[in-house]
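Have a look at the structure below, then the notes.
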Amino acid sequence: MADTLAGSPPEAPDAVPEFPMPRAARCPFDPPPGLKELQGQGPLTKVRLWDGSEPWLVTRYAEQRALLGDARVSSDIDRPGFPSKASSEGGEGKLSFIMMDDPEHARLRRLVTAPFAIKKVEALRPAVQRIVDGLIDDLLAGPQPVDLVEAFALPVPSLVICELLGVPYDDHALFQENTKTMVSSASTAEERNAATREIAGYLATMIGKRLAVPEDDLLSSIAGRITTGELDHQQATEMALLLLIAGHETTANMIALGTAALLQHPDQLALLRESDDPKLVASAVEELLRYLNITHQGRRRAVTEDIEIAGEVVRAGEGIIVVNEIGNRDPEVFEDPDRLDLTRDARRHVAFGFGIHQCLGQPLARMELQVVYGTLYKRIPTLKLACDLQDVKFKHDAFIYGVHELPVAW
C-alpha cells in the first residue's frame, strides 16, 4: 500500500505496508493518506520497518490510550521487539528516563517534576511574555521578509529553557545545531552520536561547575542529586540533555508550524487576533496540538506479555507504534477531524502521549504557546507568508515535524 502511494507498482493485496508512509504534498498539515486508509480498516495493522521487522501500527484513539496506559507495554528500547527508528546500527540510544520502565523511570522522573508543575510554570508566564514581546519588537524594527523560525520560533523556547536550566543563551548555537543533527532522519548514526556527545560533554561540564558552585537553576538541582547519591554524573547529564532538547525543539516547531497553519486558515487566525479571551487562546493551543501533532514517527513500545485488544492478540516480544497524528484525527472522537476549529474542545488529544510517559514538560509548552499565539498575531495583525506555501520546506527529513524556514512579512 505504501509503495503504491509512493508511485511504485501495486503490491499484492495481503502485502504489509511500509512505515513511515509518504506524506501528501498537497496538504502538509495532514497525516499521510495511507494512515487514514489503515485507520478506516481497523485500529491495529502490521507494518514493515526499514529492518524488515513487522510491529503493530495502532491508528485509533481508544486503542492508543489503552495500550499507552498498559503496564505490559514497555518503553525500554532494549526489549525484544522494540521498533527501532534507526536505519543503521548505533543510531539510537537511551535518552534518560523516557526510554525506561517503572520503577526506575518513576524514580528519575520524580527528581525533575517540581519545576514543571503548573503553579511553577504559571509563575514564569510574565518572563515568557517579556521574551515574546522583546523578540516581536526586534521583528518590527528589522528588515522584512524575515525567517520566523530563526528570528522568533527558535529563540522563544531556547531563551526559556536556558533560563530554566541555567545554560547561557550565548551557547544556544551549539545545542541548536547539534539538535538538528540528532533529530534529522538524514543524519547517519555516526553524525547523530557525535552531536549527542558534543552536547552531553558541554552539559557534563556545566553540571561539574554547579557541583562546585550551585546556583538557583535546574542544572544546580540536578547536580545536587549527584551529591545526595540519587544520580551519578552520567545520569545527571542524560537528564539535562533530555530537558534541553525537549525544551526547545518541539515548542519551536509548534510555533512555526502553527503559524503556517493559521495563515492558511484566515478565519481561524482572525479569532485569535480579535479576541482577548484567554480561554479562546488556551482552546486554540489544544486544537493546534491536535490538528498538527509534530510527532510523526509514532510512540514506539515493546510488549512484554500477551495483550488481547480490538479482536487481535499482540504477543509478548512484538512491537507497537502508536501514531498519535492519526489518533488525533479519529472521527469517533473528534467530529470533522480534518477541520481546524479553534473553538473545539480538543483537550482529549494525545499530542503529549498518555500514561506514565506522558510529556513531563507539557505545562511549560502549553504556557509558551499560549503566550505566543495570544500575542504575535495581535501585535503584527498583517502577518503573512512571504512565499507560496508550496515553497515552504517542511521537515519531512526529521523525527520532529515542522518547517525549516518560514519567510514572513507584514
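The values are calculated or read from the model by the stated rules, or taken from the named source; none is laboratory data. Keep in mind it's a predicted model, so treat the numbers as computed, not measured. When we count neighbours, we look across all protein chains shown, and the Cβ atoms used for this are built from the backbone with ideal geometry, even at glycine. Heavy atoms of the whole protein, side chains included, go into the accessibility calculation; ligands, DNA and RNA do not. Shrake-Rupley method; radii C 1.70, N 1.55, O 1.52, S 1.80 Å.
Let me know the whole percent of all Cα-Cα pairs from the stretch 32-151 that are separated by more than 20 Å.
Values: 4857 of 7140 pairs.
Here the tail beyond 20 Å accounts for 68 percent of pairs.
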Förster radius 22 Å - calculated FRET efficiency between Ala62 and Glu335, Cβ distance, rounded to 0.05: 0.90
Just how much of Asp133 is accessible, in Å², when a 1.4 Å probe is used and the result is rounded to the nearest 10? 50 Å²
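With a Förster radius of 51 Å, plug the Cβ-Cβ distance of His404 and Ala310 into 1/(1 + (r/R0)^6) and report the FRET value to the nearest 0.05. Spell out each step's value before the answer.
On the way: r = 38 Å, r/R0 = 0.74.
For His404 and Ala310, the calculated efficiency is 0.85.
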Just to be sure I follow the rule: in the chain, considering lysines 8 or more places apart or on different chains, how many pairs have Cα atoms under 17 Å apart? 9
Rough spin-label spacing in nm, given labels placed 7 Å along Cα→Cβ, for Asp133 and Ala189: 5.1 nm
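When the helix-only estimate is applied to the chain (DSSP H runs of n ≥ 4, each -39,500 (n - 2.57), divided by the residue count), what is the mean residue ellipticity at 222 nm, nearest 500 deg cm²/dmol? Kindly include the intermediate steps, with their values, before the conclusion.
Working: 15 runs with 185 residues, N = 410.
Here the helix-only value at 222 nm equals -14000 deg cm²/dmol.
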From the residues Ser184, Val333, Met21, which one has its Cα farthest along the dipole of the chain in the positive direction, the dipole being from +1 and -1 charges on Cβ of Lys/Arg and Asp/Glu about the Cα centre? Val333
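Could you size up the charge dipole of the stretch 133-281 around its Cα centre, putting +1 on the beta carbon of Lys and Arg and -1 on that of Asp and Glu, and report it in debye to the nearest 20?
On the way: 8 positive and 23 negative charges, 88 e Å.
It works out to roughly 420 debye.
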Checking Gln129, Gln390, Gln264 against a Gaussian network model of the chain (alpha-carbon springs below 10 Å), the top fluctuating residue turns out to be Gln390
Could you report the accessible area of Arg79 in Å², rounded to 10, computed with a 1.4 Å probe on the protein chains as they sit in the structure? 100 Å²
Extension gain from Leu140 to Ser275, taking 0.36 nm per residue of separation minus the Cα-Cα distance: 46.4 nm
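In terms of solvent-accessible area of protein heavy atoms at a 1.4 angstrom probe, what is the ranking of Arg23, Arg301, Arg110, Arg48, highest value first? Provide the component values of the computation, followed by the final result.
On the way: Arg23 55, Arg301 30, Arg110 160, Arg48 80 Å².
I get Arg110, Arg48, Arg23, Arg301, largest accessible area first.
Work out the FRET efficiency for Tyr169 and Thr382 from their Cβ-Cβ distance, taking R0 = 45 Å, and round it to the nearest 0.05. Write out the running numbers ahead of the final one.
Details: r = 30 Å, r/R0 = 0.66.
Computed FRET efficiency for Tyr169 and Thr382 comes out at 0.90.
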How compact is the chain by the rule of thumb for globular proteins, expressed as Cα Rg over 2.2 N^0.38 Å? 0.98
Please give the per residue accessible area of the chain, computed with a probe of 1.4 Å over protein heavy atoms only, in Å². 43 Å²
Rounded to the nearest Å, what's the spacing between the alpha carbon centres of the stretch 195-248 and the stretch 141-187? Just the number, please. 20 Å
Enter the Cα centre distance for the pair the stretch 285-327 and the stretch 96-114, rounded to the nearest angstrom. 21 Å
Subtracting the Cα-Cα distance from 0.36 nm times the residue separation, let me have the gained length for Ala71 to Ala15 in nm, one decimal. 17.0 nm
Once Asp345 and Arg197 are pulled to full extension, the length gained, defined as 0.36 nm per residue separation minus their Cα-Cα distance, is 49.1 nm
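Once you order the gyration tensor axes a ≥ b ≥ c over the Cα atoms, which shape class does the stretch 113-166 get: rounded for a/c under 1.5, otherwise prolate or oblate by comparing a/b with b/c?
On the way: a/c = 3.44, a/b = 2.32, b/c = 1.49.
Because a/c hits 1.5 or more and a/b exceeds b/c, the stretch 113-166 counts as prolate.
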